[in-house]
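Just below is one structure, and these are the notes that go with it.
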Amino acid sequence: MQTINTPKAPAAIGPYSQGKVVGNLVFFSGQIALNPATGEVDGTTIEEQTVTICNNIGELLKEAGLDFDAVVKTTCFLADMNDFGAFNAIYGEYFTSKPARSCVAVAALPKNVLAEVEVIAELS
């Protein structure tokens, strides 16, 4: 197993890694809207936070030598399902290959953010 780690995405805020390569798949931990430089939440709206999340995912993918087209599955967590439409609008700009996805509402997320996205990607 190989560990994926980059300072261009937020450091883990617990006992986990940013990502793990297993066979030809890369499993990335859930990303929230943290600024990698400060560790603080970046943005107050679902749109702002989703852009930050997707940019962080992009940096993790890049560290693994991949891009968004390599993503095969995402799991999305929303603090409020009323944000689904706005979240989808931003998410769709990044995940243009339309990977498989689950999206659920949860009671709360770390640091009280509005969304979290975890990703599974395939190495070529």
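Kindly report, to the nearest 10 Å², the accessible surface of GLU63 as traced by a 1.4 Å probe over protein heavy atoms only.
Its accessible surface works out to 100 Å², give or take rounding.
Which of the listed residues, ASN56, TYR94, GLY23, is farthest toward the dipole's positive end in the chain, when Lys, Arg count +1 and Asp, Glu count -1 at the beta-carbon?
GLY23
So in the stretch 58-124, what percent of DSSP beta bridges are antiparallel if you round to the nearest 5? Kindly include the intermediate steps, with their values, before the conclusion.
Values: 7 of 13 bridges.
Antiparallel bridges make up about 55 percent of those DSSP assigns within the stretch 58-124.
Helix 46-63 versus the longest principal axis of the chain: what angle, 0 to 90°, nearest 10, using Cα atoms?
Approximately 10 degrees, to the nearest ten.
Helix-only mean residue ellipticity at 222 nm, the chain, DSSP H runs n ≥ 4 weighted -39,500 (n - 2.57), per residue, nearest 500. What is it?
Values: 2 runs with 29 residues, N = 124.
Mean residue ellipticity, 222 nm, calculated: -7500 deg cm²/dmol.
For the chain, modelled as a GNM with alpha-carbon contacts under 10 angstrom, which of ALA105, ALA89, ALA70 fluctuates the most?
Judging by the Gaussian network model, the answer is ALA89.
Going by Cβ distance under 4.7 Å, what cysteines of the chain have no possible disulfide partner?
So far as the 4.7 Å Cβ criterion goes, CYS54 stand without a partner in the chain.
Output the relative contact order of the stretch 1-107, whole-number percent, from Cα pairs under 8 angstrom with separation of 6+ residues. All intermediate terms of the calculation are to be shown ahead of the outcome.
Numbers: 152 pairs, mean separation 24.7, N = 107.
Result for the stretch 1-107 is 23 percent.
For the stretch 24-66, list residues with backbone N below 18 Å from a point placed 7 Å from the Cα of ALA86 toward its Cβ?
The answer is 32-34, 41-55.
Considering only DSSP beta bridges where both residues belong to the chain, give the percentage that are antiparallel (nearest 5). Mind showing how you got there, number by number?
Working: 20 of 26 bridges.
The answer is about 75 percent antiparallel.
To the nearest 10 degrees, how steeply does helix 84-94 sit against the main Cα axis of the chain, on a 0 to 90 scale?
Its long axis makes an angle of about 30 degrees.
Over the chain, with a Gaussian network built from C-alpha contacts below 10 Å, which listed residue (ILE53, ILE32, ILE90) shows the highest mean-square fluctuation?
Comparing ILE53, ILE32, ILE90 in a Gaussian network model of the chain, the most mobile one is ILE90.
The values are calculated or read from the model by the stated rules, or taken from the named source; none is laboratory data. Not measured: the values here are computed from a predicted model. Cβ atoms come from the backbone with ideal geometry, glycine included; neighbour counts cover every protein chain shown. Calculation scope for accessible area: heavy atoms of the full protein, side chains included, ligands and nucleic acids excluded. Shrake-Rupley method; radii C 1.70, N 1.55, O 1.52, S 1.80 Å.
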